[in-house]
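Below is one structure, written out as structure tokens, with a few remarks after it.
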Amino acid sequence: MRFDSKAVLITGASRGIGRQIAIGFAQRGARVAVHYARDRQAAEATLALLLGGGHLLAQADIADPAAVQALVASAVAGLGGLDILVNNAGIYEERPLTAVSYDEWQAHFQRILAVNLLGAANASYCAARHMMRHGGGRIVNISSRGSFRGEPTAAAYGVSKAGLNSLGQSLAKLLAPHNIFIGTVAPGFVETDMAAERLAQPDGDSIRQQSPLGRVAKPEEVAHAALFLASEGAEFTTGTIVDVNGASYLRS
């Protein structure tokens with residue numbers, strides 16, 4: 001796969017899966033906009049790992065619709081266009097219904113959906129409108145195994161990722177005539193900062209044993225799937241959801 005001269009915006013690219021996706025695109029010739037929310041130092045560390053030139057940093061609060069619109073506009077201006085959007089930014093919180101107040105429940109859902117679903121929807125809107133005027137493009141969403149199997153202690157997270165799956169499929173049908181193709185990657189547990197605390201707990205080994213491989217995914221493995229979905233030749237996979245969970249959860 002090559003992405004020579006392609007302009008790519010990756011949300012949540014300062015660490016983990018987003019960082020590896022950024023590295024993968026840069027290794028293959030793309031120019032990358034590394035989005036971050038607050039941790040500029042981590043974003044700069046990602047930027048320093050990218051091969052080639054023409055990359056840039058882009059800060060925005062994904063939960064803020066105006067900030068998302070400005071983010072896409074700045075990526076277009078800084079990269080000289082936008083060919084690929086990767087909606088990777090996401091947050092995770094455990095707030096079991098049985099353990100929180102009604103007000104906490106409301107705030108929890110609002111926080112999670114604002115970033116994981118509405119932020120991705122707004123970024124997709126802004127990117128797709130640009131792509132429609134410039135011959136098409138690719139959008140890749142990073143979802144989760146939890147969108148299918150359920151998240152008992154993090155219901156808002158599961159809901160947000162299920163919504164992201166539906167968003168990708170809906171837009172795939174709408175935008176294909178505009179030469180815009182959309183794919184979704186649904187990882188299980190991945191060796192990232194987000195999962196590190198959970199994997200370090202006493203049940204960490206049992207989580208790893210959910211897969212017959214006896215481990216969780218590496219960020220590079222999730223990035224590989226995202227790069228494929230964004231590549232030329234993968235057009236007929238539009239609307240696809242690719243599971244990257246080591247057979248820890250198999251759906252029919």
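Read-outs throughout are calculated quantities, based only on the coordinates presented, and are distinct from any laboratory measurement. No experiment lies behind these values; they were computed from the predicted model shown. Please note: Cβ atoms are built from the backbone with ideal geometry, for glycine as well, and neighbour counts cover all protein chains shown.
Starting with the fewest neighbours, write out K161, K173 ranked by other beta-carbon atoms found within 10 Å of each beta-carbon.
Numbers: K161 28, K173 11.
Result, fewest neighbours first: K173, K161.
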Descending principal axes extents, the chain, alpha-carbon based, whole Å: 49, 40, 39
Theoretical gain in end-to-end length, L174 to W105 [0.36 nm per residue, Cα-Cα removed]: 21.5 nm
Reachable aspartates and glutamates, given that their alpha-carbon falls under 18 Å from the alpha-carbon of K218 and they are not under 8 places away in the same chain: E191, D193, E197, D205, D243
